[in-house]
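S.K.: What follows is a structure written as C-alpha cells; I'll ask about it next.
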Amino acid sequence: MSNDSSTTHSTRVPLTATRAVSIFGISVVGFMTANLVPIMLVALIEELAFPATAAGALLTGSLLACAATCLLTSRWASLDGRYVIARSGLALSALGFGAAAFIPSVPAVIAGVLLGGLGSGGAVSASGAALGALRNPDRASGISGFANRALVSVVLFAIPALGAGMGSAFGLLAGLALAALFTTGWLPDRPAVESPAVAAAATISPAVSQRKTTIAGLGLLACFALWALSEDSLWAVAATMGAEQARLDETGMGLVLSLSTLGGLIASALIGVAGGRLGRTVPLAAALIAGGALKFVSGMVTDPGWYMVVIIAWNTIYMLSFIYVVATAAALDATGRWSAPVLGVYLIGSSFAPVFGTSISTAAGYTTLGMVLSGMTFVLLVPFLIISRFSVRAEAAQGATAPETNLNQAAIA
C-alpha cells in the first residue's frame, strides 16, 4: 500500500537548474516587452515613421493584450494546461515579434506586435503557475527577480550595440521566445490534488480554508494592481520631475537608471540567498513603509544629488516589495492559482500609470503627486500584511500534510 502515496497530496518540488532555466527564462521573456518599451518606441518612430502617439498606443495595446491573456489563461495554467499555454504563447511571441522585426510593412508590424503581446501573456501565466510548485517561495521569487533584472540588463546593453532598430528590438525578443520554447518541458508539474484522507486530517475545514484562500488571493491581485499603478506612476514622471523640480540633467538620469538596476539586482539577490530565513510579513512591511516614505519625499526634493539618492533608494525598495508580493501569491496555493495571474494584474495597473501620474502632476504639482502615491501605499499596507500572514499559514499547512500522510502510509505498509 505504500505505492498509494503517489496519489496523495504532493509537496512543492525543489528548485533545480533545469527548472530555474525554464521557469525564470519563460517569465523574463514573457515580461520583456514591458522592459523594452522605450527602445521599441524609438524603433517604431525612427524606422517606420510611426507618429509618437500611434507608437505609444500600439505598445500599450500589446501590454494590455499580454495582461488580458495572462488573466484569461491563468486558471488553465494552474490546472493541467501550463505546458500547452507556455508552448503556444512562446510560439506566438516568436512569430509575432519576428514578423514585426523583419517584415517592413505597417499592417504586419501592427499585427505582429499585438500577436506577440498575446503570446507573452501565455508565457507569463504558465511560468507564474509553475513558480507556485517550488519550495521556499521567497527564495524562488528572489532568484526570479534577479534573473529578470540581469537578463534585461544584458538585453538593454546588447540592443544599442547591435543598433537600435526593428531588427534588434523586436528580433532579439523573438529569438529569446524561440529559445525559451525548448525549455517548456522542464516546467514542474502541478501538484496532485490532495486525497480525502489528507483533507480530513487538516486542522482547518477544507471548505473554510479554500474560501479564505480565495478571498486572500483575490484581495492580493486587487492590491497588487493598485500598487503597480502607484509605483509606475512615479517612474513615468521620474525624468520630468527630476528635470523640472531638481534640475537633474540627462546624464544624471542615466546614472539613476543604471544604479537603480544595480540596486534591484542586489535586493533580489539578497532575498534569493536569505530565502525564508527573514520571514515574509515583516520584510514586506518594512519595504512598503520605506517605499511610501520615499515616494512622499520624492515630490519635495529640489537638490539633484538628493533626488538621485531618493529615486535609486525607492527603486531598490520597490524590488523588495515586488518580490515579496509575488512570493505571497506563490505561497497561497502550490498549484499556481494566484501566482499565475499576479504579473497580469500588475501589467493592468502599470498600463494606466503614465496617464495617472502625468494627470496628477500636471493638475496639482509633484508634491501632491508624491502625497497621493505615498497615501496609496500606506492604505494598501494593511491588506498586504494581512494576506502575507495568511500565506505563511497556508504554506505551512500545505507542507505539513504531506509528510504526515507519508508516515501514515508507511505505517500501514
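The values are calculated or read from the model by the stated rules, or taken from the named source; none is laboratory data. Everything numeric here is computed off the predicted structure, so don't read it as measured data. Cβ atoms come from the backbone with ideal geometry, glycine included; neighbour counts cover every protein chain shown.
Okay, residues lined up against (1) at pLDDT 90 or above; (2) outside any helix (DSSP H, G or I); (3) not acidic (D, E):
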site: V155; (1), (2), (3): no, no, yes
site: A161; (1), (2), (3): no, no, yes
site: F170; (1), (2), (3): yes, no, yes
site: L173; (1), (2), (3): yes, no, yes
site: P191; (1), (2), (3): no, yes, yes
site: Q210; (1), (2), (3): no, no, yes
site: V237; (1), (2), (3): no, no, yes
site: G242; (1), (2), (3): no, no, yes
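S.K.: I'd like the full set of residues that are in a helix (DSSP H, G or I), surrounded by 16 or more Cβ atoms within 10 Å (Cβ to Cβ) and at pLDDT 85 or above, limited to the stretch 49-59.
M.R.: At the first step, the residues of the stretch 49-59 found to be in a helix (DSSP H, G or I) are 52-59.
Okay, now just the ones that are also surrounded by 16 or more Cβ atoms within 10 Å (Cβ to Cβ), so 55-56, 58-59.
Once the filter is applied, which keeps residues that are in a helix (DSSP H, G or I), surrounded by 16 or more Cβ atoms within 10 Å (Cβ to Cβ) and at pLDDT 85 or above, the stretch 49-59 yields A55, L58, L59.
S.K.: Could you figure out which of (1) crowded, with 18+ Cβ neighbours inside 10 Å; (2) within 30 Å of G279 (Cβ to Cβ); (3) of a type outside the set (F, W, Y) isn't true of M166?
M.R.: Tallying (1) crowded, with 18+ Cβ neighbours inside 10 Å; (2) within 30 Å of G279 (Cβ to Cβ); (3) of a type outside the set (F, W, Y), M166 fails exactly one: (2).
S.K.: Since G305 meets every condition but one in (1) in contact (Cβ under 8 Å) with a residue 12 or more places away in the chain; (2) within 23 Å of M241 (Cα to Cα); (3) over 17 Å from the mean Cα position of the chain (by Cα), which condition does it not meet?
M.R.: Going through (1) in contact (Cβ under 8 Å) with a residue 12 or more places away in the chain; (2) within 23 Å of M241 (Cα to Cα); (3) over 17 Å from the mean Cα position of the chain (by Cα) one by one, G305 breaks only (1).
S.K.: Those residues that are closer than 12 Å to D232 by Cα, aromatic (F, W, Y) and under 14 Å from the mean Cα position of the chain (by Cα), I need them from the stretch 323-376; list them, please.
M.R.: Hit for the stretch 323-376 is Y346, nothing else.
S.K.: Is it the case, given these coordinates, that F31 is under 29 Å from G163 (Cβ atoms), in the same structural domain as A174 (by TED's automatic domain parsing), touching a helix residue (DSSP H, G or I) at 6+ places or on another chain (Cβ under 9 Å) and not in a helix (DSSP H, G or I)? Please lay out each step first, then the result.
M.R.: Numbers: under 29 Å from G163 (Cβ atoms): yes; in the same structural domain as A174 (by TED's automatic domain parsing): yes; touching a helix residue (DSSP H, G or I) at 6+ places or on another chain (Cβ under 9 Å): yes; not in a helix (DSSP H, G or I): no.
Taking the combined requirement at face value, the residue does not satisfy it.
S.K.: Which numbered condition in (1) part of a loop (DSSP other than H, G, I, E, B); (2) closer than 17 Å to G96 by Cα is the only one that L44 fails?
M.R.: Just one mismatch for L44, condition (1).
S.K.: Hey, another quick one. Could you look through the stretch 226-240, keep only residues that are among the small types (G, A, S) and more than 15 Å from F378 (Cα to Cα), and pick out the one that is surrounded by the most Cβ atoms within 10 Å (Cβ to Cβ)? Walk me through it before giving the result.
M.R.: Looking only at the stretch 226-240, we keep the residues that are among the small types (G, A, S), and these are 228, 230, 233, 236, 238-239.
In the following step, the residues that additionally are more than 15 Å from F378 (Cα to Cα) were identified as 233, 236, 238-239.
Details: S233: 27, A236: 18, A238: 21, A239: 17.
Looking at residues that are among the small types (G, A, S) and more than 15 Å from F378 (Cα to Cα), I get S233.
S.K.: Of all residues in the stretch 254-300, how many are closer than 27 Å to P14 by Cα and in contact with a Gly (Cβ under 9 Å, 6 or more places away or on another chain)?
M.R.: Result for the stretch 254-300: 11.
S.K.: Right, here's the next one. Please specify each residue of the stretch 81-107 satisfying the condition of being more than 22 Å from the chain's Cα centre (by Cα) and not in a helix (DSSP H, G or I).
M.R.: Residues satisfying the conditions are I103, P104, S105.
S.K.: Quick one: T11 ticks every box in (1) in a helix (DSSP H, G or I); (2) outside the structural domain of L181 (by TED's automatic domain parsing) except a single one, so which number is it?
M.R.: So the condition that T11 fails would be (1).
S.K.: In contact with a Ser or Thr (Cβ under 7 Å, 6 or more places away or on another chain) and surrounded by 24 or more Cβ atoms within 10 Å (Cβ to Cβ) - does that describe any residue in the stretch 258-270?
M.R.: Yes, the stretch 258-270 contains at least one residue that is in contact with a Ser or Thr (Cβ under 7 Å, 6 or more places away or on another chain) and surrounded by 24 or more Cβ atoms within 10 Å (Cβ to Cβ).
S.K.: Could you pull out the residue among G305, G344, G370 that is touching a Ser or Thr at 6+ places or on another chain (Cβ under 8 Å), assigned to a helix (DSSP H, G or I), over 25 Å from L63 (Cα atoms) and in the same structural domain as M241 (by TED's automatic domain parsing)?
M.R.: Details: G305 fails: touching a Ser or Thr at 6+ places or on another chain (Cβ under 8 Å); G344 fails: over 25 Å from L63 (Cα atoms).
Answer to the check: G370.
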